[in-house]
Amino acid sequence: MSKLIVTSALPYANGDIHIGHLVEYIQTDIFVRFQRLIGNNVLYVCASDAHGTPIEINAAKKGMTPKELVGEFHDRHQADFSRFEVSFDEFYTTDSPENQKHCEIIYLRAKEKGHIDSRDIEQFYCERCGRFLPDRYIKGTCPKCSTLDQYGDVCESCGATYRPTELQDAHCAICGAKPEMRSSLHLFFKLIDFNDFLREWTSERGHLQDEVKGFVHTWIDQGLRDWDISRDGPYFGFRIPGEDNKFFYVWLDAPIGYIGATEHYCAGKDDVSVEEYWIDHASKTEIHHFIGKDIAYFHTLFWPAMLKAADYRIPTAVHVHGFLTVDSRKMSKSRGTFITARQFADQINPSFLRYFYAAKLGSTIDDIDLNLEEFVNRTNAELVNNITNLISRSVSFLNKRLDSRLGIVPQGCEGLVKDVLAHADQCLDDYNALKYSNVVRNILAISDIANNYVQQNEPWATIKSDPEKARNDLTFAINCSKILAILLKPIVPSYSVKVEQILGLDDLRWEDIKFDLEQRSVNVFEKLAERLEPGAMTRLIEASKDDLAVKELKTDTPDFKEEIAFDDFEKIDLRVGKILSASEVEGSDKLLKLRVDVGREIRTVFAGIKSSYSPQDLVGRKAAVVCNLAPRKMRFGTSEAMVLAASSPEGKIVLCDFGEEISPGSTIK
């Protein structure tokens, strides 16, 4: 018996799980359940990734503390994973004392060995927000592939990593302002110190898939760079010991969350310890990580180097998978294909998605496609019409005509029995190799053998002349059904449990794959799976669109003001005004002085828009102007009108102007 610890990438506690995320968790869960099925001892741990800038930003928008936001999504994630039967032994959080302890141990050991460097760096600073802008506070164009609207740490399109200052056309992700450069002391993990170790470890057989090994070696060949592991406060994360107002970058403490979750699981247990899994080098326990290809750099280079620096155990294997597309395109909110786990489970049996993903997944990093028509057709044709129908008609016939009693496996079936067991043996190899699509093909081959046998021997006809032959023919089909339940157990666990109950069996294991169900009773058949109706996926897409429309309503905007009569609105003289000049107002942090042509005359306007606009950006623009306000005397002069602007909940100010050609003085109705 082997002992393994298995992890999936930590879901970020800043949004709901969607069907793209589920590719990884279902793939990992199938692996875990298979290992348990063949008798191995497996610990499956995960955690909410609970630190970093996006959580800080989102919590502020919602009027919550970051911990409250993390707690909310942690609970939602647990509920969603449960509906899809993802079988974590421990689902913890990275914002934990156990995780902080191991972060500090790993950092201090690396520092003691000279693998930590400190130096001043140029960093973006937003004057308007009054803070340095770490990775998720800055957006711009990827310096590698030129994809727009990327954050300052990693490109979600090409997977490249970079420093925030390398972004092109950078702007503050909060207020949109163009940042300035300032100097700040940062701490770096010297990844180059581990060049030889990483090349050797990534080259050894079994640690990485061959295609992953190829691009990892390309990264090494291009030269490993020091890794910035610190962020300036304020920052939602762990403080770095011995440093003033410095915090660990979230990508340092996130993978260490695997260790923190393990320690939390082991607390109070006599037969397991965190040392056995992560620290004791005499341990034979295997460490398996499942991740998406977008975070391969962190898990194949930074992570093993950090563990090596601190003398922790190194992963046995990092299994990398591709992304999910829907109808051959990226998931899209506008098309309704950005579907959450909850939305899917509310409309469709979650087992169907597990089955479909298994039928698509191999051992490569190729993307898999959820073609909506194919999903319905394969579910109905394979899981319902083929496998479920075999079990249904075999058991139901025994229930109705043969006292629910099995006979013996007929003589003359030896060749078919051999074929079925050969397909099962191939499933064993394919499960071990993560070739789940091959497993499904072999499962269907077994079901075809059994269905064809029943069809050819026609027990519904032979029962009239030879009831025992009919009983024995169905006994062959029932034994095939038992084997199918075992082979499907990692893929659709609750489905297989129902088959076990129908057959009067309990907790089948891999060693039970044999033709040994004879001369015993079976229970009454109960429905296993419903066919998907043709409009099922359309309804899911529409429900996804409706949910998105509700979520995008701005609940954080101010309440509407008291209702006014149309006559009151007509009293306002709104005109198009062309800005002729703009200048800063000495002594004011908010005001710009504008000279505005409103058609009949030129007005002076003092506008509080300095935080969003520089004077040179405004000249020539045509704005909406209130022309019949009483002049307002200010210490800087008299304002003779008002330009209209919108203010977002985050405080961003946007001038109300006109993109099309229209003359100054035109009335606005």
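If I take all pairs of Cα atoms in region 59-170, what percentage of them are more than 22 Å from each other? Of all Cα-Cα pairs in region 59-170, 62 percent lie more than 22 Å apart.
Against the set [x] 51; [y] 19; [z] 33, the structure's computed percent of Cα pairs over 48 Å apart falls on [z]. For the residue pairs K561/K633; K62/K308; K144/K610; K67/K590; K101/K284, the C-alpha atoms sit more than 31 angstrom apart in K62/K308; K144/K610; K67/K590.
Taking 0.36 nm per intervening residue step and subtracting the Cα-Cα distance, what contour gain separates D221 from N389 on full extension?
On the way: separation 168, 0.36 × 168 = 60.48 nm, distance 5.50 nm.
Length difference between fully extended and current span is 55.0 nm.
With the highest mean first, a sort of the peptides 253-259, 565-571 on other beta-carbon atoms found within 10 angstrom per residue produces 253-259, 565-571.
Fully extended, how many nm does the chain gain between D466 and I192 (0.36 nm per residue separation, minus their Cα-Cα distance)? Write out the running numbers ahead of the final one.
Details: separation 274, 0.36 × 274 = 98.64 nm, distance 7.77 nm.
This chain segment gains 90.9 nm when fully extended.
Note on the chain: antiparallel DSSP beta bridges, both residues inside, total approximately 70 percent of the bridges counted. For the pair region 455-472 and region 399-446, the centres of their Cα atoms are 21 angstrom apart.
At an R0 of 60 angstrom, the distance between the Cβ atoms of E204 and A630 translates into a FRET efficiency of 0.15. Segment I668..R119, full-extension length gain: 192.0 nm, with 0.36 nm per residue of separation and the alpha-carbon distance subtracted. With respect to the chain, whose longest principal axis is taken over its alpha-carbon atoms, helix 66-83 is tilted by about 30°.
Count Lys and Arg as plus one, Asp and Glu as minus one, and take only other residues whose Cβ is under 9 Å from that of I491; the net charge is then +3. Rounded to the nearest whole Hz, the Karplus-based 3J(HN,Hα) values (6.51 cos²θ - 1.76 cosθ + 1.60, θ = phi - 60°) of region 88-103 follow the sequence 4, 7, 8, 10, 10, 9, 6, 8, 9, x, 5, 5, 4, 4, 6, 4, with x at glycine and proline. Computed log10 I(q)/I(0) for region 169-243 at 0.23 Å⁻¹: -1.03, from the Debye equation with unit scatterers placed on every C-alpha and solvent omitted.
Shown is the FRET efficiency for Q616 and I564, computed with R0 = 35 Å from the Cβ-Cβ distance and rounded to the nearest 0.05: 0.40.
What is the sum of charges, Lys and Arg at +1 and Asp and Glu at -1, for the other residues whose Cβ falls under 11 Å from the Cβ of I564? Local net charge: -3.
Highest-first packing order for the peptide set 439-446, 153-160 is 439-446, 153-160, based on the mean count of other beta carbon atoms within 10 Å. DSSP beta bridges fully contained in region 1-154 are about 30 percent antiparallel. For region 1-127, relative contact order (Cα pairs under 8 Å, six or more residues apart, normalised by length) works out to 29 percent. Taking label points 7 Å from Cα along the Cα-to-Cβ direction, K590 and E112 give a separation of 5.5 nm. Taking Cβ separations below 4.7 Å as the criterion for a possible disulfide partner, the isolated cysteines in the chain are C46, C103, C175, C266, C413, C427, C480, C627, C656. Between E660 and R342, the FRET efficiency estimated from the beta carbon spacing at R0 = 45 angstrom works out to 0.55. Averaging 1/r over each pair of different alpha-carbon atoms in region 221-306 and inverting the result gives 15.3 Å, the Kirkwood hydrodynamic radius. The label point for T141 and the one for A433, both projected 7 Å from the Cα toward the Cβ, are 4.5 nm apart. Ranked by the mean number of other Cβ atoms within 10 Å per residue, highest first, peptides 476-489, 342-355 order as 476-489, 342-355. Take the Cα of K3, go 7 Å toward its beta carbon, and the backbone nitrogen atoms of region 13-55 under 11 Å from that spot belong to 41-43.
Here the simple spin-label model places points 7 Å from the Cα toward Cβ, and for K61 and S157 these points are separated by 2.2 nm.
Where a number appears in this text, it was derived from the coordinates with a stated rule and is not lab data. For clarity, every value in this text was computed on a predicted model and none was experimentally measured. When we count neighbours, we look across all protein chains shown, and the Cβ atoms used for this are built from the backbone with ideal geometry, even at glycine.
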